[in-house]
Every structure is written in structure tokens, then in C-alpha cells.
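> First, the structure itself, so that you have it in front of you.
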Amino acid sequence: MSEIITVGLDLAKNVFQVHGADSEGRAVLRKKLRRAQVIEFFAKLPPCLVAMEACGGAHFWGRELARLGHDIRLIPPAYVKPFVNRQKNDAADAEAIREAAQRPNMRFVPVKSEETQGAASVFRVRELLV
């Protein structure tokens with residue numbers, strides 16, 4: 001098996017989809033992971049670029065995977081959508097995320113710290129109350 005350079009990770013409630021590619025962009029890994037298997041899987045994987053669609057959960061997973069030595073990139077969902085080649089499902093989304101992450105001009109979202117995410121949620125709750 002070729003060395004995995006880039007991984008697209010599609011987040012969900014219970015089952016995550018992983019799509020890995022080598023340095024030439026060829027798919028070398030397609031896998032379903034349960035939530036409990038994600039950390040174990042990425043701990044065994046050599047450090048690589050891991051891309052996800054930006055959302056609240058992606059910041060948590062970004063922090064966890066960064067602790068394992070991976071380079072984390074969060075992509076706004078609107079920037080991923082043009083790369084979905086076939087019907088919309090989790091496996092196709094993971095492949096599109098991986099493809100978008102390899103584009104040279106792609107814009108990424110920085111991973112938020114726990115404190116930053118907590119402060120943002122306080123502001124959102126305050127907006128609902130006022």
C-alpha cells in the first residue's frame with residue numbers, strides 16, 4: 001500500500017468516512033469508522049494532512065488529531081460542494097473533502113481552541129436571550 005499523504009474525514013453522528021490518497025492523488029484508503037475507532041485509527045496512521053468540513057465537531061476532532069501529530073485543515077462546506085462527483089453520501093463527501101484539501105488555492109478555517117469555542121457559544125446563547 002502506498003503512503004497516505006492526505007486524508008478526507010467526513011464527520012457524522014456515529015459512523016465517519018475516511019478517504020486517503022497518496023502523493024499522486026490516487027485513492028489508497030476508503031474506510032468506515034465508528035466514533036470510538038477514530039482516535040485509535042489515526043494514532044496508527046503516520047502524520048499526514050487530515051481535512052474536514054468546518055463545523056463545531058470538526059474543531060474538537062481537529063484538536064484531538066493534532067495532538068497525534070497530524071496537520072489539520074478545516075474547509076468551509078461551501079468550498080467542498082463543487083468537488084462532489086457523484087450522488088451525495090458520506091463516502092463521496094470524504095473524497096470531495098480530500099480533493100478540495102489538495103487544491104493549491106483552497107481557503108482553510110483555523111481550528112478553534114476550547115476557550116474560543118466556549119466563548120462563541122456563550123455569545124450565541126446571549127443573543128437568543130436578548
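The values are calculated or read from the model by the stated rules, or taken from the named source; none is laboratory data. As the structure is a computational prediction, the values presented were derived from the model and not from experiment. Cβ placement follows ideal geometry from the backbone for every residue including glycine, while neighbour counts extend to all protein chains displayed. Ligands, DNA and RNA are stripped out before the accessible areas are found, and what is left, the full protein with its side chains, is counted by its heavy atoms. Shrake-Rupley method; radii C 1.70, N 1.55, O 1.52, S 1.80 Å.
> Check off (1) touching a residue at least 24 places away in the same chain (Cβ under 8 Å); (2) surrounded by 13 or more Cβ atoms within 10 Å (Cβ to Cβ) for ASP22 and give me the number that stays unchecked.
(1)
> Answer with yes or no whether LEU49 is surrounded by 14 or more Cβ atoms within 10 Å (Cβ to Cβ), touching a Gly at 6+ places or on another chain (Cβ under 6 Å), under 25 Å from THR116 (Cβ atoms) and not aromatic (Phe, Trp, Tyr).
The answer is no for LEU49.
> For the range 62-80, how many residues are in contact with a helix residue (DSSP H, G or I) (Cβ under 7 Å, 6 or more places away or on another chain) and closer than 15 Å to ASP10 by Cβ?
7
> On to the next question. Specify the residue that is least open to solvent (accessible area, probe 1.4 Å); the eligible residues are those in the range 84-130 that are assigned to a helix (DSSP H, G or I) and more than 26 Å from GLU64 (Cα to Cα).
Kept after step one, since they are assigned to a helix (DSSP H, G or I), are these residues of the range 84-130: 90-101, 114-129.
Next cut, more than 26 Å from GLU64 (Cα to Cα) only: 126-129.
Working: ARG126: 127, GLU127: 142, LEU128: 149, LEU129: 144 Å².
This residue is ARG126.
> For the structure I just gave you, tell me whether VAL28 is on the phi < 0 side of the Ramachandran plot and in contact with a His (Cβ under 6 Å, 6 or more places away or on another chain).
So VAL28 fails the test.
> In this structure, is LEU74 touching a Phe, Trp or Tyr at 6+ places or on another chain (Cβ under 7 Å) and open to solvent by less than 60 Å² (accessible area, probe 1.4 Å)?
Numbers: touching a Phe, Trp or Tyr at 6+ places or on another chain (Cβ under 7 Å): yes; open to solvent by less than 60 Å² (accessible area, probe 1.4 Å): yes.
Yes; evaluated as a whole, the condition is true for this residue.
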